[in-house]
Amino acid sequence: MKIKIITCHDVYNYGASLQAYALQTYLIAKEGYDVEIIDYKPDYLRVHYKFWYVPRSSRYYALAKKNVLFRFLLCCYFAPKRFATYGRKRKFDAFTRQYLHLTRRYNSYQELVSDPPAADVYIAGSDQIWNCALPNGKDPAYFLQFGGKDIRRISYAASFAISDVPKEYQLQMQSWLHSFSAISVREKTGLAILEVLKFTGCNVVDPVFLIPSQTWSLLSEQVIMRKRGYVLVYDLYKDSRIKSEAERLSVLTGLDIVVVDGLMKCSYGREHIVNAGPVEFVSLIKHADFVISNSFHATAFAIIFNRPFSVYYGLHGGSRMSDLLDVLDLSSQFNTDVPRYDFDWNKINAIIEMLRSESIRFLADNL
């Protein structure tokens, strides 16, 4: 059986790369399918590390669009910060080349429509592909609106990443979702959204949970960044609560704070890692004594490797975090002043295995 997956697989984001790898790997290694990820990279996903890029959300966008000189000076100002993590880009590109099985490059939705990839089944993969606060959530490509009608279409662990879909997008989403033979989502809030849209869905685990922890361990051992003796911080939004908890743990345990820096550099920590790729990211979590983060996939890998963790998230869209922790009876680790790190990993692992089995059953029933 030929399967083609569409997801945000190449956006220099740890979770995006690793969930794409996980679903592909499970379907090939466990089921023996012929699987490729559709290398879909429209304009809005090709802005990373581009000198002239000014995001629409920037307060300078309107002026930069009108004035070329101002835009040049603005981009010069931000270039050192933007390219400080260029080594990280190289690690991601190497991971993509080595681990992801890709189709030819599609640069636009129209290219997909004109020359769709041949397959028996299309899968709309995981992560925030249906988040209509982002361009991909309004893109028909991520709702599989290409290819022949005889091709079976399903979603696996697709995420809306928000609590509700604004009314102006609901009719269009309804129309696109009618093409699907089966729909599964990553969060319980996604089921509620589907109900509003008059669809029935199944709640499944993120693809990273489909692969046994031993398989992730083998991957992580390829690049051992550091072994034990540290509190790992991955803070995407410079949350002061993460800083406070990491420093509290460091004082309490005598452990160093090791920070994986994203686009924003943290102002604290003994060691800062700016050039970690997906493999290094997994390795750092596996060998950490504690993981403090506001990243869904940092949290997921802490759970996979049974590493004590706490999560702080104050932005809209925290349902994907809270839903995961609720089902594992770990709500005490979410946005709390005093997290408890005495985890019952036997109980947690048993729940994960049950959820994994149900998710595998969904794939088996619908492929």
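The values are calculated or read from the model by the stated rules, or taken from the named source; none is laboratory data. Everything numeric in this text was worked out from a predicted model, so none of it was measured. No Cβ is skipped: glycine too gets one built from the backbone with ideal geometry, and neighbour counts run over all protein chains shown. Protein only, heavy atoms only, side chains kept; ligands, DNA and RNA dropped before computing areas. Shrake-Rupley method; radii C 1.70, N 1.55, O 1.52, S 1.80 Å.
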Quiz item: Which entry in [x] 1.05; [y] 0.94; [z] 0.96 is this structure's computed Rg/Rh (Cα atoms, Kirkwood Rh)?
Solution: [z]
Self-check item: Inter-part distance where region 300-367 and region 90-136 are each reduced to a Cα centre, Å
Solution: 27
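Multiply the residue gap between Phe70 and Arg248 by 0.36 nm, knock off their C-alpha separation, and tell me the result in nm, one decimal place. Could the numbers behind the result be given before it?
Details: separation 178, 0.36 × 178 = 64.08 nm, distance 4.41 nm.
That works out to 59.7 nm of additional length.
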Quiz item: How do Met321, Met354 stack up against each other in accessible area, from largest to smallest, with a 1.4 angstrom probe?
Solution: Met354, Met321
Exercise. For Ser332 paired with Asn306, estimate the spin-label separation in nm (one decimal), with each label point 7 Å from Cα along the Cα-to-Cβ line.
Key: 1.8
Quiz prompt | For Ile37, residues with placed amide H under 5 Å, excluding near neighbours | solution = Ile5, His101, Leu102, Thr103
Quiz prompt | Gain upon complete extension [Glu271, Arg104; 0.36 nm per residue less C-alpha separation] | solution = 56.2 nm
Self-check item: the chain, accessible surface, carbon-and-sulfur percent (1.4 angstrom probe)
Solution: 53
Quiz item: With each run of n ≥ 4 DSSP H residues scored as -39500 (n - 2.57), what mean residue ellipticity at 222 nm is computed for the chain after dividing by its residue count and rounding to the nearest 500 deg cm²/dmol?
Solution: -12000 deg cm²/dmol
Exercise. In whole Hz, with x marking every Gly and Pro, tabulate ³J(HN,Hα) for region 102-110 from phi via Karplus 6.51 cos²θ - 1.76 cosθ + 1.60, θ = phi - 60°.
Key: 10, 6, 5, 6, 10, 8, 7, 4, 4
Practice problem: Could I have the simple spin-label model distance between Val196 and Thr215, label points 7 Å from Cα toward Cβ, reported in nm to one decimal? | Solution: 3.4
Practice problem: Once you have all Cα-Cα distances for region 112-206, histogram them in 5 Å bins from zero and send the whole-percent values. | Solution: 3, 15, 27, 28, 17, 8, 3, 0
Self-check item: Computed label-point distance, nm, for sites Trp345 and Lys138 using a 7 Å Cα→Cβ extension
Solution: 4.5
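Of Lys2/Lys91; Lys4/Lys198; Lys243/Lys265; Lys91/Lys227, which pairs sit farther than 18 Å apart, going by alpha carbon to alpha carbon? If you can, show how the numbers build up before the last one.
On the way: Lys2/Lys91 29 Å; Lys4/Lys198 26 Å; Lys243/Lys265 12 Å; Lys91/Lys227 20 Å.
Over 18 Å apart, Cα to Cα: Lys2/Lys91; Lys4/Lys198; Lys91/Lys227.
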Quiz prompt | Average accessible surface area per residue within the chain, 1.4 Å rolling probe, Å² | solution = 45
Quiz prompt | Span from the region 242-258 Cα centroid across to the region 145-206 one, whole angstrom | solution = 41
Practice problem: List the relative contact order of the chain as a percent without decimals, with contacts defined as Cα pairs under 8 Å and 6+ residues apart. | Solution: 16
Quiz prompt | Rg to Rh quotient for region 1-58, alpha carbon positions, Kirkwood Rh | solution = 1.11
Quiz item: If the cut-off is a Cα-Cα distance under 13 Å, which aspartates and glutamates reach Lys286, setting aside same-chain residues fewer than 8 apart in sequence?
Solution: Glu221
Practice problem: Kindly sort Arg97, Arg320, Arg90 by accessible area of their heavy atoms, largest first, with the probe set to 1.4 Å. | Solution: Arg97, Arg90, Arg320
